[in-house]
Amino acid sequence: MAMNKAKTKAFVSDIDNIRRRARQNIDDGAMTAGYSADRAVVVDMLNQALATELVCVLRYKYHYYMASGIHSQAIKAEFLAHANEEQGHADLLAERITQLEGKPNLSPVGLLDRSHADYVEGKDIVDMIKEDLVAERIAIDSYREIVQYIGDDDPTTRRIMEDILAQEEEHAEDMATLLENLGAKGEPAAPSSH
Ligand SMILES: [Fe+2]
Ligand SMILES: [Fe+2]
């Protein structure tokens, strides 16, 4: 318990500092002097993630409207759910960018260049799901890198990215399951291989 006490003491003495600093530069809103990340870099990374999400919204929407075939109803529902969740991610990122006093880049000009993931229409439903899985895997790797880059410098942005990352992993799993159900995962199913 002595350890806890020491911890509390140090914390209280810090609070005085935090209170004093909070009164300075109140125009900075949520940005305080304790923020140790490179804000321009973080905003830039968030804008790339934002572009990635917007491209994913458009790709899933295209797949939603274009999916056809006997399995299409359940798969369409999945595409639509993902499109809506990607839009939710885009909103979280845009909101965070404004908290960091950046501007969310919602311009359609150069959107695909800013995005990590591609916009691929896909020639049939299996192809669409495969492209979505590829895009999710790209998002997973690039978001993980962002989380690692941020480290302890900006816990709020890191938490947002971690939450989004967790959902992209679910999306990838969903797409992999759909492929499996369609008997289309990876190589053509070979009954003796495993
Ligand atoms: Fe997303
Ligand atoms: Fe996703």
- [ ] Could you state the angle between the C-alpha long axis of helix 2-23 and the longest principal axis of the C-alpha atoms of the chain, as a value from 0 to 90 degrees rounded to the nearest 10?
- [x] 90
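Work out the length of the dipole vector of region 25-99 about its Cα centre, built from +1 on the beta-carbon of each Lys and Arg and -1 on the beta-carbon of each Asp and Glu, and round it to the nearest 20 debye. Provide the component values of the computation, followed by the final result.
Values: 5 positive and 10 negative charges, 78 e Å.
Dipole of region 25-99, to the nearest 20 debye: 380 debye.
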- [ ] Could you name the aspartates and glutamates whose alpha carbon sits less than 17 Å from that of K123, not counting residues in the same chain fewer than 8 places away?
- [x] E131, D132
Open item on the list: Treating only the Cβ of Lys, Arg, Asp and Glu as charged (+1, +1, -1, -1), what charge dipole size does the chain show about its Cα centre? Round to the nearest 20 debye.
Closed with: 900
Open item on the list: Pick from E180, E162, E131 the residue whose mean-square fluctuation is largest in a GNM of the chain, springs joining Cα atoms under 10 Å.
Closed with: E180
Open item on the list: What do you get for the angle between helix 39-66 and the principal long axis of the chain? Use alpha-carbon atoms, 0 to 90 degrees, nearest ten.
Closed with: 20
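Every number in this text was worked out from the coordinates using simple rules, so none of it is lab data. Note that the coordinates shown come from a computational prediction; the quantities given were computed from them, not determined experimentally. In this analysis, Cβ positions are derived from the backbone assuming ideal geometry, glycine residues included, and neighbour counts consider all displayed protein chains.
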